[in-house]
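Quick notes on the structure that follows.
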């Protein structure tokens, strides 16, 4: 299975601090993606990083990818209360006829305390 | 564009009843996915379509589950008969970026 595994399962920090979440996976990938899910809501795509990329930024988000270690990290800088959510990594699997499907990890529950 | 639309948003039914979940995807995207999310198992891919054709249904748990995509603008996921263990949030997504808000299904 290519399932990503997030670490830690839960993280609680103070507003303004940085939050780092990690994801490990088992087999080779084409790309890895991070999603956010607010309680009771759907998933929101945050960022995609390709296997030939090592780092990517989007606003306060920074994603790194180490294919030799089969791991990725998501860093949220200067956290805000609105960042409270679950964060998932997803790795790709190329299905039949080229359609891409994702395999999700169990997620990290992030709580930002005011 | 209103994004991926799912209906109903909440469904409560009794064991044995038929349940139909609906998805209206964003136009212009070729792949549509149905996921199920539970606390115990996380997010699981049930089935995905490419150009309206079912490609991989290996994630469909049992014959009680079926999915159709009669055209590019509509898909259904049907459970017949439903069981309490089917209780979950069911998401429809297009490509890998756009998820619907989900349908929370409770089977009593």
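Please treat every number below as a calculation from the coordinates, not as lab data. Predicted, not measured: the structure shown is a model, and the values here were computed from it. Positions of Cβ are generated from backbone atoms using ideal geometry, with glycine treated the same way; all protein chains shown enter the neighbour counts.
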Taking the convex hull of Cα positions in segment A:1-75, its mean projected area over all directions (nm²): 5.6 nm²
Shielding by partners, peptide A:102-108 (average Cβ within 10 angstrom, other chains): 4
Whole-number percent relative contact order across chain A, with pairs defined as alpha carbons under 8 Å at least 6 apart: 37 percent
Highest-MSF residue in chain B out of B:12, B:94, B:53 [GNM, Cα springs under 10 Å]: B:12
Chain B: relative contact order as a whole-number percent, Cα under 8 Å and 6+ apart: 38 percent
Segment A:42-93 - percent relative contact order, Cα under 8 Å, separation 6 or more: 21 percent
Three principal axis lengths of the protein assembly as shown [C-alpha, angstrom, descending]: 48, 40, 34
Most fluctuating residue given options B:77, B:43, B:21, as computed from a GNM of chain B linking Cα atoms under 10 Å: B:43
Spatial separation of Cα centroids for segment B:33-48 and segment B:5-24, in angstrom: 15 Å
Rg followed by Dmax, in Å, when chain B is reduced to its Cα trace: 12.8, 38
Highest-first arrangement of A:84-90, A:30-36, where packing means the average Cβ count within 10 Å: A:84-90, A:30-36
Extension gain from residue B:39 to residue B:51, taking 0.36 nm per residue of separation minus the Cα-Cα distance: 1.2 nm
Of A:72, A:39, A:51, the one that fluctuates the most in a GNM where chain A has Cα springs shorter than 10 Å: A:39
Average beta-carbon neighbours from other chains, 10 Å sphere, peptide B:44-51: 3
Cα centroid of segment A:19-44 to Cα centroid of segment A:75-91, whole Å: 10 Å
Shielding by partners - mean other protein chain Cβ count within 10 Å, residues of A:68-78: 0
